[in-house]
Amino acid sequence: MIYMDHAATTKTVPEVVEAMLPYYTECYGNAGSIYGLGSKSRKAVIGAKETIADTLGADTNEIYFTAGGTESDNWALKGVYEAYQDKGRHIITTKIEHHAVLHTCEYLEKRGAQITYLDVDADGVVDLEQLKKAIRPDTILISVMYANNEIGTLQPIREIGEIAASCGILFHTDAVQAYGQIPICVSDCHIDLLSASGHKFGGPKGIGFLYISRKVRLHSFIHGGRQERGRRAGTENIPAIAGMAAAVKRACRIMEEKTKRETEMRDYLIARIEQEIPRVRLNGHRTKRLPGNVNFCFESVESESALIMLDMQGICASGGSACTTGSLDPSHVLLAIGLSPDSARSSIRLTLGEENTKEEIDTVVEELMRIVEKLRGIREM
Ligand code: PLP
């Protein structure tokens, strides 16, 4: 098998599984219990928060565990909307956010929120002038993703944060694709809320966190016990928390080397596709993109068919976002960068990870050449 869908999810690395196991077997105590067994779990929670806070330049009590990126995004948007209605009901976001943000915005619109969805340019980058013009006296939140999950484009997060801060508006970033891949400092970028997810960087699924700056006032999101400072109740998922912390440590340790290698491999894959296959178009910014992200349109190729044929060769890739696979609607991200619905339906995303080799890339390119030629032949007959 050749796995090139690391933006959908990553393998839980052995070191992470090892870090999780004791919390299933010997140290299974409830972090809320006063006896020794419970305190081991409590220590794991505190230690994990310290690890994560360190990576962001944040404080330990600004990290809140959630069940992943989707919950973090929901909490950030719904939480700010609920807590800041005295200031206003206007939120600014972009047309290329993940559905965890966009569908939450739709939900809020039905409850009286006014949402501005910013355009992006042909590379998928937000226009800062349009952002400035969209700001109103009743704007309470700007939510712009750090890096796009489909086309990998990185946003000018620091500049957006500066604009938000200078207008006294809270700034949330969905960093699910960026956290663990590239260095992030919340104070440098004036980030008030940040969403991340464990399974995107070698951690377990179903665990993530929301960074909430201490200056943000949010009500409780899930009501119940006193966990997570009373804001997100429910017995903590200690094995997953310990696993995510181990994945964070590892991600930081290998980040420099991994980024260098993946960037080289990414550019090699892009170059080979452009050299070997005619009528292709790279989607997303050529350089301001995630190290492992490659996304191409293959003219006159139905990506669903190509993905099935790749799968038959043991190659895992994706068309558009993994979360929308199964729906034949063209990707909202690709439409937003100006592609026609037909071109959007002809896009394939290959996202690299640390285990991918140059030989695998060569195999994938060979298979793509064959598949694209075959599908074009059938379509253009
Ligand atoms: N935000 C982005 C940008 C994503 O790519 C994803 C998942 O693909 C999510 C949010 C949702 O994260 P999770 O799968 O942890 O719920």
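The values are calculated or read from the model by the stated rules, or taken from the named source; none is laboratory data. These numbers come from a predicted model, not from an experiment. Every residue, glycine as well, gets a Cβ built from its backbone with ideal geometry; the counts of neighbours run over all protein chains shown. Side chains are part of the model used for accessible areas, which takes the heavy atoms of the whole protein and leaves out ligands, DNA and RNA. Shrake-Rupley method; radii C 1.70, N 1.55, O 1.52, S 1.80 Å.
Some notes on this structure:
- With all protein chains modelled, accessible area of Lys358 [1.4 Å, Å²]: 100
- Antiparallel content of DSSP bridges confined to the chain, in %, to 5: 50
- Distance from segment 88-163 to segment 1-69 (C-alpha centre basis), Å: 30
- Helix 238-276 axis, angle to the chain major axis (alpha carbon atoms, nearest 10°): 20
- Model label zone, Leu128; criterion: amide N under 17 Å from point 7 Å along Cα-to-beta-carbon; scope segment 148-164: 154-164
- Rolling a 1.4 Å probe across all protein chains gives Phe298 an accessible area of roughly 0 Å².
- Just the protein heavy atoms count here, and of the accessible area of segment 172-261 at 1.4 Å, carbon and sulfur take up 52 percent.
- Placing a pseudo-label 7 Å from each Cα along the Cα-to-Cβ vector at Glu26 and Cys252 gives an inter-label distance of 2.5 nm.
- Difference of contour (0.36 nm per residue) and Cα-Cα distance, Ser305 to Thr60: 83.5 nm
- 0 to 90° range, to nearest 10: angle between helix 157-166 axis and the chain longest Cα axis: 40
- For the chain, the solvent-accessible area of protein heavy atoms averages 42 Å² per residue (probe radius 1.4 Å; ligands and nucleic acids excluded).
- Asp86-Arg286 FRET efficiency (beta carbon distance; Förster radius 35 Å; 0.05 resolution): 0.20
- Most mobile of Pro156, Pro330, Pro278 in a GNM of the chain (Cα contacts under 10 Å): Pro278
- Stretched out straight at 0.36 nm per residue, the stretch from Glu109 to Glu373 would grow longer than its current Cα-Cα span by 90.5 nm.
- Dipole check for the chain: with +1 at the C-beta of Lys and Arg, -1 at the C-beta of Asp and Glu, and the Cα centre as origin, the magnitude is about 1180 Debye.
- Fraction of accessible area attributable to carbon and sulfur, segment 264-371 (%, probe 1.4 Å): 51
- Solvent-accessible area, 1.4 Å probe, carbon plus sulfur percent, for segment 1-116: 54
- Here segment 210-316 is treated with +1 on each Lys and Arg Cβ and -1 on each Asp and Glu Cβ, and its dipole about the Cα centre works out to around 1060 debye.
- Degrees between helix 36-56 axis and first principal axis of the chain (Cα, 0 to 90, nearest 10): 60
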